[in-house]
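Below: the structure, in structure tokens.
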Amino acid sequence: MDDFSTRRLSEWTLLRAMTLNEPWDAENLLAASNWLRLRTAEESAVTTALEVLAESDRTRRIRNIAGMALPGNRRHSCRTRLSSGCALGTLPSGGQAHPMPMMLSHRSQRTSFM
């Protein structure tokens, strides 16, 4: 078996162990590929795995996705602000915030030479 196949098999084994509530090592999850960590953050209902990723993952994207997926959403998010009485688009201090921040991609900045 090549290196990729060996790694992917070990990641599927780790995913299976987490899903079936069998013993698994948090360090193995954090050392896994972006594919497994992102898949776990987006699709897993295993609270322990989500907590590990939300607190210690090496990428902000996966930390945020895992934090938002936690039961009860323990991270401060729009959902928790809404439930605490804040209206969408307003800040607790009374200031206004845009409900959906604009993000420009490199595609929107392209110019045509024709």
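The values are calculated or read from the model by the stated rules, or taken from the named source; none is laboratory data. Fair warning: this is a prediction, and the values are worked out from it, not measured in the lab. Positions of Cβ are generated from backbone atoms using ideal geometry, with glycine treated the same way; all protein chains shown enter the neighbour counts.
Would you mention how many residues in the range 1-10 are more than 19 Å from residue 30 (Cβ to Cβ) and surrounded by 10 or more Cβ atoms within 10 Å (Cβ to Cβ)? First the steps, then the outcome.
The initial filter retains those residues of the range 1-10 that are more than 19 Å from residue 30 (Cβ to Cβ), namely 1-5.
This time we only want the ones that are surrounded by 10 or more Cβ atoms within 10 Å (Cβ to Cβ), so: none.
Of the residues in that region, 0 qualify.
In this structure, is residue 60 at pLDDT 50 or above, out of contact with any Leu (no Cβ under 9 Å at 6 or more places or on another chain) and more than 18 Å from residue 11 (Cβ to Cβ)? If you could, list the steps in order and put the result at the bottom.
Working: at pLDDT 50 or above: yes; out of contact with any Leu (no Cβ under 9 Å at 6 or more places or on another chain): yes; more than 18 Å from residue 11 (Cβ to Cβ): yes.
Spelling it out, residue 60 is indeed at pLDDT 50 or above, out of contact with any Leu (no Cβ under 9 Å at 6 or more places or on another chain) and more than 18 Å from residue 11 (Cβ to Cβ).
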key: Residue in the range 11-46 that is surrounded by the fewest Cβ atoms within 10 Å (Cβ to Cβ), counting only those that are touching a residue at least 12 places away in the same chain (Cβ under 8 Å) and hydroxyl-bearing (Ser, Thr, Tyr)   = 33
